[in-house]
């Protein structure tokens, strides 16, 4: 009992349907014990009692598809060069462990500031991404990117690094290993099948890009006479443990097979909207498919702000809906509950119910954006911004307090990140390319 922490607030969002007013969230050893009325403590407040005041305590958000270290190419993905094949792949061969670590911290600062408590991240040098997670305190579902056919980092060595990473982080409290083949054209069918078996044998989720570009579609058509989704389906690598990012370059019959497989497709609204080809969330919903939300990365989306992404998802879905309109509470449920439930295989629920992980945020109420307040969850989705996110807790530990990071020195991280970025741009010639207008 002495280790219990108490947090009072005007509103506590237990889940998308349950709101407690003038209540106290009780935490013990990183887990939710209960939510009870503040009146219970009208006379004697226990020690470890924190009065947040006029805020909402809410479950944190899970970013279901990110590359936090790819903030390196912020602002460069909107010209004539391909954001993926010229910009991202142009910079990535020069990466190293320290650069990825420093840039990951920058991306995580952005994510945390907007209420994200968990990321599902797919990148090279996963050890460095995981180390950054532990440094700053965010929960990470982390996979080391594997490519075998073409790309910035390919070969058997990458498979070995991925498996070593998964073994090294099995016992972490906040870093959870994921198997991360890049996509269907950059990984051979043999390796895709082997990685699927490896994931199942080790009870790990798989995080893959699927049907994300026309180049992938053309490659699979040329080599296998089918589409990426049908190719993955035929290889029997799609199942309920697969997180499939994008799924937006498709042909007839693809989404039906995706639905049948039970895989979890991830909508990246800003990336898809800017690229002019959003994932067909309306049709997936008609097929009774749960779909999640992720930010993707710079080159397609230049921030890791899940509050922005939630609103964009709502707008894009409903702008083309005929009878498949979704509401702010649906989007809140996806970002807080469905994302982490599916990614964790049901281990986490993304709620503040009893015995769940104490991953939560506080949102200021007395701001022009949040007032007037008639519906707490609707206001969070439609009104809140990173300026309203005041505190962030992961596993019951405070990592952002009064908008200040608790485990890092923000100025030092910014300075070191910019130095790493300058080194990266010098190595790749991107500094000259920017000056020459190659990405304009």
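The values are calculated or read from the model by the stated rules, or taken from the named source; none is laboratory data. All values reported here derive from a predicted model rather than from experimental measurement. Every residue, glycine among them, receives a Cβ derived from its backbone with ideal geometry; neighbour counts consider all protein chains shown.
Data for the structure
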| item | result |
| --- | --- |
| Cβ-Cβ under 7 Å pairs, at least 6 apart or on other chains, segment 133-149 side touching a residue at least 40 places away in the same chain (Cβ under 8 Å) and at positive phi, far side part of a strand (DSSP E or B) and buried (at least 24 other Cβ atoms within 10 Å of the Cβ) | 137/394 |
| Residue within segment 342-359 that is touching a strand residue (DSSP E or B) at 6+ places or on another chain (Cβ under 8 Å), assigned to a strand (DSSP E or B) and modelled with pLDDT of 95 or more present | yes |
| Subset of segment 1-27 (residues that are in contact with a helix residue (DSSP H, G or I) (Cβ under 7 Å, 6 or more places away or on another chain), on the phi < 0 side of the Ramachandran plot and part of a strand (DSSP E or B)) | 8, 11, 13, 15, 19, 23, 24 |
| Test result for residue 11, in contact (Cβ under 8 Å) with a residue 12 or more places away in the chain and farther than 21 Å from residue 379 by Cα | no |
| Given (1) more than 23 Å from residue 127 (Cβ to Cβ); (2) out of contact with any helix residue (DSSP H, G or I) (no Cβ under 6 Å at 6 or more places or on another chain), index of the condition residue 211 fails | (2) |
| Residues satisfying the stated conditions in segment 388-424, i.e. without any contact (Cβ under 8 Å) to a residue 60 or more places away in the chain and either surrounded by 14 or more Cβ atoms within 10 Å (Cβ to Cβ) or in contact with a strand residue (DSSP E or B) (Cβ under 8 Å, 6 or more places away or on another chain) (or both) | 388, 398, 401, 402 |
| Among (1) modelled with pLDDT under 95; (2) more than 15 Å from the chain's Cα centre (by Cα) - the single one residue 298 does not satisfy | (2) |
| Checklist (1) modelled with pLDDT of 95 or more; (2) over 30 Å from residue 406 (Cβ atoms); (3) surrounded by fewer than 24 Cβ atoms within 10 Å (Cβ to Cβ) applied to residue 184, failing item | (3) |
| When residues of segment 88-138 are limited to those that are assigned to a loop (DSSP other than H, G, I, E, B) and buried (at least 22 other Cβ atoms within 10 Å of the Cβ), the one farthest from the chain's Cα centre (by Cα) | 95 |
| Single condition residue 81 does not satisfy, out of (1) assigned to a helix (DSSP H, G or I); (2) surrounded by fewer than 24 Cβ atoms within 10 Å (Cβ to Cβ) | (1) |
| Those residues of segment 275-288 which are in contact with a helix residue (DSSP H, G or I) (Cβ under 9 Å, 6 or more places away or on another chain), more than 12 Å from residue 250 (Cβ to Cβ) and either at pLDDT 95 or above or outside any helix (DSSP H, G or I) (or both), in sequence order | 281, 282, 285, 287, 288 |
| Contacts under 9 angstrom Cβ, first residue in segment 280-300 being at positive phi and surrounded by fewer than 20 Cβ atoms within 10 Å (Cβ to Cβ), partner modelled with pLDDT under 95 and outside any loop (DSSP other than H, G, I, E, B), 6 or more apart | none |
| Residue in segment 28-43 that is touching a helix residue (DSSP H, G or I) at 6+ places or on another chain (Cβ under 6 Å) and either crowded, with 17+ Cβ neighbours inside 10 Å or more than 15 Å from residue 398 (Cβ to Cβ) (or both) present | no |
| Within segment 139-164, considering residues that are surrounded by 23 or more Cβ atoms within 10 Å (Cβ to Cβ) and in contact with a helix residue (DSSP H, G or I) (Cβ under 6 Å, 6 or more places away or on another chain), the one nearest to residue 343 (Cα to Cα) | 141 |
| Within segment 335-345, considering residues that are surrounded by fewer than 24 Cβ atoms within 10 Å (Cβ to Cβ) and touching a residue at least 12 places away in the same chain (Cβ under 8 Å), the one farthest from the chain's Cα centre (by Cα) | 345 |
| Residues satisfying the stated conditions in segment 14-27, i.e. farther than 19 Å from residue 397 by Cβ, in contact (Cβ under 8 Å) with a residue 24 or more places away in the chain and surrounded by 18 or more Cβ atoms within 10 Å (Cβ to Cβ) | 14, 15, 16 |
| Verdict on residue 257 being more than 17 Å from the chain's Cα centre (by Cα), closer than 18 Å to residue 209 by Cβ and either at pLDDT 95 or above or crowded, with 20+ Cβ neighbours inside 10 Å (or both) | yes |
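One line per residue, one yes/no per condition, for (1) touching a strand residue (DSSP E or B) at 6+ places or on another chain (Cβ under 9 Å); (2) part of a helix (DSSP H, G or I); (3) over 30 Å from residue 263 (Cβ atoms):
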| site | (1), (2), (3) |
| --- | --- |
| 314 | no, yes, no |
| 324 | no, no, no |
| 340 | yes, yes, no |
| 368 | no, no, yes |
| 373 | yes, no, yes |
| 380 | yes, yes, no |
